[in-house]
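Beneath this line is the structure, given in structure tokens, with notes to follow.
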Amino acid sequence: MRKNNVSFRLFVLMVSVVVCIQARAQVSAVKEGKSWQARRKLSDAAAKRQKENIYHEEKVPDYTLPQPLIMADGMKVTNPEMWRTKRRPEILELFRKHVYGRAPVGRPKGMTFKVFDQEHKALNGLAIRKQVTVNLTGKEDGPSMDILIYLPSAAKGPVPTFVVLNFGGNHTIHPDPAIKLSTRWMRSGREATEQSRGSGYSRFPVEKILSRGYGLATIYYGDIDPDYHDNFKNGVHPVFDKLVDGKRAPDAWGSICAWAWGLGRAMDYFESDEQIDESRVAVLGHSRLGKTALWAGVRDERFAFVISNNSGCGGAALSLRRFGKTVKRINTGFPHWFCDNFKKYNGKEDRLPVDQHMLIALMAPRPVYVASADEDLWADPRGEFLACKNAEPVYKLLGLKGLEVEKMPALNNPIQKGRIGYHIRTGGHGLTEYDWQRYMDFADIHLKGTKQSSRDRKDIVFSCDFESDNWFKQFGMRSKPERVEVISSDSARKFEPLAGKAMRIKVDRGDHYGASITYRFKDQIGSEPQEIYFRYYLRFADDWNPAGGGKLPGISGTYGRAGWGGRPSNGRNGWSARGLFKRQTDGKTPVGYYCYHADMKGRYGSNWTWDQEKRGYLENNRWYCIEQYVKMNTPGKNDGILRGWVDGQPAFEKTDVRMRDVDTLRIEAVWLNLYLGGSWVAKSDHHLYIDNVVIARDYIGPIQ
């Protein structure tokens with residue numbers, strides 16, 4: 001008996017060691033940026049709850065994906081014209097016939113728009129708010145939907161806009177009391193009440209969307225069709241259905257197709273609104289509405305950018321994997337979502353003539369973004385990634401970059417290298433602010449363009465032109481910093497704007513401090529880079545004449561431990577490469593790097609002036625384009641790089657910097673810092689201006 005107990009204890013110990021090693025390996029993989037793997041604990045728990053479903057990779061059956069570039073007759077698609085005129089229509093027809101069904105074509109005859117609310121100073125002046133009723137037949141007693149629209153009030157022209165269907169009613173996305181209560185077809189019997197106002201706000205960071213220069217339009221999906229199986233007796237179906245002998249066809253549209261059709265009617269309205277740029281509208285959806293967004297983007301090519309958030313089976317995930325939610329499970333649980341023909345493939349996915357990688361491929365050449373969540377195994381994150389990867393050949397046929405990675409990325413490591421974007425984030429099934437920020441990053445590249453350069457940039461991480469009064473929220477700040485204003489004129493100091501507005505920072509007489517504004521990479525993009533470019537425009541005011549030196553914006557990894565304020569770096573605690581300025585010489589202010597590094601002497605950082613061709617000597621009352629580059633050193637080696645440019649011309653280079661001895665120190669933040677001196681204070685008020693901040697993975701250069 002004792003022998004058996006000892007053997008059992010040894011067995012338990014061995015299992016514990018294995019589990020511990022696996023857990024550590026998973027943590028290490030995330031830290032090293034390795035490919036994502038579903039956590040065994042989550043897979044086991046899900047498989048225990050739902051024994052009929054697959055939640056382990058080793059149980060995924062063998063499958064062969066249908067090829068997007070092989071015609072039904074076996075002919076290979078060899079050029080863009082063949083794709084556009086033959087294969088794309090063929091695939092689109094297969095999805096209509098076998099999956100989503102057929103919707104009415106085009107704009108309904110007699111459809112009308114009625115703007116019933118328009119406020120130009122909504123949300124404390126941040127937004128223009130509009131509410132529009134779309135009467136889908138033009139009749140007051142016919143089906144209709146309400147569009148709630150927020151546009152940034154600071155916009156100087158038509159605005160690129162995200163359109164999103166919502167689950168709970170327009171009144172749930174924001175506590176704004178002026179939003180009309182959505183009362184039709186409330187999901188799961190919920191009532192539209194004042195108490196439910198703003199209840200879905202966490203999924204719609206309205207202010208942050210506006211502060212980045214985008215508009216937001218949203219519609220309660222129940223306005224279009226109720227989300228329950230009523231034999232299609234409510235919503236748009238009974239009005240627009242074409243029945244044969246009183247029956248619906250097996251490829252008649254289901255609710256997902258109806259919701260997608262409704263998004264097309266919203267686009268009809270956008271084309272009539274001069275404040276919305278209808279050529280730059282992104283359609284976004286979460287969960288079942290992520291499936292909807294994908295189908296809306298496929299069937300209506302007016303949508304410039306298509307986004308699927310946690311859409312799973314029938315959305316972005318490959319059906320042939322049978323992982324998590326399957327075709328059978330979705331058709332039995334939600335029989336009204338798809339056309340009746342789709343039910344023929346319950347448990348018979350291998351007979352489907354299409355799979356979801358082909359749906360994503362139908363977006364080409366437009367950008368498409370798919371997002372998954374670590375704990376959302378029901379939606380099959382790996383299947384969503386593989387669908388993106390297997391859509392890539394179509395983009396390449398069109399001469400475009402696709403996903404541009406071979407392996408599934410690690411958590412919170414967004415892929416935005418080509419026209420197909422992807423990320424998997426921590427957490428579960430939901431639409432989060434992290435997701436929104438990544439979508440706006442991708443939109444900055446493909447929709448918004450950049451004010452910073454006329455080149456087609458695909459490497460921009462962040463940009464801010466201070467046109468919005470809430471610019472600080474772009475940096476992740478909750479409130480505007482003191483001594484900082486956004487201005488368009490300042491005649492008292494001979495200020496001339498670079499373009500529009502700029503940020504003015506003030507150091508008061510008798511003080512040191514001007515500003516400390518940080519853009520933290522982990523908070524904003526989910527990871528910390530090893531190298532980065534940072535560009536901003538700088539203008540010293542006419543009252544700028546400090547008695548000594550100080551600090552300017554730069555790049556850092558202090559982690560709150562070392563790298564500033566007399567806290568020396570030792571290679572393991574922190575570092576920084578802020579900008580510096582020195583006392584004026586012949587009316588010019590020398591600038592450079594103020595660097596805390598592992599080889600520093602004493603308590604304070606090294607001063608390295610940008611002396612090349614004297615380009616780092618700046619006059620007052622003139623805009624300069626300042627660009628910095630930091631590349632982290634190999635831990636323990638003197639191979640870190642600092643570079644600097646002024647107005648696009650090289651001003652400094654140092655290639656032997658040792659910032660760290662451990663890999664855990666990386667580029668934590670871009671630090672917009674202004675601080676005069678150490679032991680001296682300003683003898684009078686001092687001002688400077690900053691504009692057009694850009695952070696990128698490649699050289700940025702001056703505005704063209």
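The values are calculated or read from the model by the stated rules, or taken from the named source; none is laboratory data. Given the structure is predicted, the values throughout are model-derived calculations rather than measurements. Using ideal geometry, Cβ is built from the backbone for each residue, glycine included, and neighbour counts are taken over all protein chains shown.
Considering only residues in the range 375-429 that are among the basic types (Lys, Arg) and either at positive phi or within 16 Å of the chain's Cα centre (by Cα) (or both), the one that is modelled with the highest pLDDT turns out to be ARG425. Being modelled with pLDDT of 95 or more, more than 28 Å from PRO367 (Cα to Cα) and either in contact with a helix residue (DSSP H, G or I) (Cβ under 6 Å, 6 or more places away or on another chain) or not in a helix (DSSP H, G or I) (or both): is that true of ASP176 here? Considered against the rule, which asks whether it is modelled with pLDDT of 95 or more, more than 28 Å from PRO367 (Cα to Cα) and either in contact with a helix residue (DSSP H, G or I) (Cβ under 6 Å, 6 or more places away or on another chain) or not in a helix (DSSP H, G or I) (or both), ASP176 comes out as yes. One residue alone among VAL164, VAL159 is buried (at least 23 other Cβ atoms within 10 Å of the Cβ), assigned by TED's automatic domain parsing to the domain that holds ASP273 and modelled with pLDDT under 95, and that residue is VAL159. Scan the range 547-566 for residues that are under 19 Å from TRP608 (Cα atoms) and basic (Lys, Arg) and the total you get is 1.
Conditions tested, residue by residue: (1) touching a strand residue (DSSP E or B) at 6+ places or on another chain (Cβ under 7 Å); (2) under 29 Å from LEU294 (Cβ atoms); (3) surrounded by 13 or more Cβ atoms within 10 Å (Cβ to Cβ); (4) among the charged types (D, E, K, R).
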{"residue": "THR85", "(1), (2), (3), (4)": "no, yes, no, no"}
{"residue": "GLY125", "(1), (2), (3), (4)": "no, no, no, no"}
{"residue": "VAL132", "(1), (2), (3), (4)": "yes, yes, yes, no"}
{"residue": "THR137", "(1), (2), (3), (4)": "no, yes, yes, no"}
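When LYS97 is tested against the conditions (1) in the same structural domain as LEU400 (by TED's automatic domain parsing); (2) surrounded by fewer than 16 Cβ atoms within 10 Å (Cβ to Cβ); (3) of a type outside the set (Val, Ile, Thr), the lone failure is (2). Just one of the listed residues (LEU642, LEU665, LEU676, LEU672) is assigned by TED's automatic domain parsing to the domain that holds SER489, hydrophobic (A, V, I, L, M, F, W, C), touching a strand residue (DSSP E or B) at 6+ places or on another chain (Cβ under 7 Å) and surrounded by fewer than 23 Cβ atoms within 10 Å (Cβ to Cβ), and it is LEU676.
Note on the range 328-353: residues that are closer than 18 Å to LEU65 by Cα and in a loop (DSSP other than H, G, I, E, B) amount to 5.
If you filter the range 291-316 down to residues that are outside any loop (DSSP other than H, G, I, E, B) and in contact with a His (Cβ under 7 Å, 6 or more places away or on another chain), you find that the one that is farthest from LEU216 (Cα to Cα) is ASN309. Of all the numbered requirements in (1) assigned to a loop (DSSP other than H, G, I, E, B); (2) in contact (Cβ under 8 Å) with a residue 60 or more places away in the chain; (3) within 23 Å of GLN416 (Cβ to Cβ), PRO365 misses one, and that requirement is (2). Residue pairs whose Cβ atoms lie under 8 Å apart, separated by 6 or more positions or on different chains, with the first residue in the range 388-401 and in a loop (DSSP other than H, G, I, E, B) and the second among the aliphatic types (A, V, I, L, M), are LEU398/ALA364; LEU400/ALA364. The condition of being out of contact with any His (no Cβ under 9 Å at 6 or more places or on another chain), closer than 26 Å to LYS522 by Cα and not β-branched (Val, Ile, Thr) holds for only one of ARG658, ARG666, that being ARG666.
Does SER199 satisfy being surrounded by fewer than 17 Cβ atoms within 10 Å (Cβ to Cβ) and either under 16 Å from ASN170 (Cβ atoms) or polar (S, T, N, Q) (or both)? Yes; evaluated as a whole, the condition is true for this residue.
Residue-wise test of (1) of a type in the set (S, T, N, Q); (2) assigned to a loop (DSSP other than H, G, I, E, B).
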{"residue": "LYS48", "(1), (2)": "no, no"}
{"residue": "LYS51", "(1), (2)": "no, yes"}
{"residue": "GLU58", "(1), (2)": "no, no"}
{"residue": "PRO61", "(1), (2)": "no, yes"}
{"residue": "THR64", "(1), (2)": "yes, yes"}
{"residue": "THR78", "(1), (2)": "yes, yes"}
{"residue": "TRP83", "(1), (2)": "no, no"}
{"residue": "LYS86", "(1), (2)": "no, no"}
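Look at (1) under 26 Å from TYR699 (Cα atoms); (2) assigned by TED's automatic domain parsing to the domain that holds ILE517; (3) modelled with pLDDT of 90 or more; (4) among the acidic types (Asp, Glu) and you find that ASP441 fails only one, number (2).
Of all residues in the range 577-590, those satisfying the criterion of being over 14 Å from TYR675 (Cβ atoms) and buried (at least 18 other Cβ atoms within 10 Å of the Cβ) are ALA577, GLN584, THR589, PRO590. Checked against (1) within 24 Å of ILE667 (Cα to Cα); (2) surrounded by fewer than 14 Cβ atoms within 10 Å (Cβ to Cβ), CYS625 passes all but condition (2).
The helices (runs of 4 or more DSSP H) found wholly in the range 206-290 and carrying at least 1 residues that are at pLDDT below 95 occupy 206-211, 237-240.
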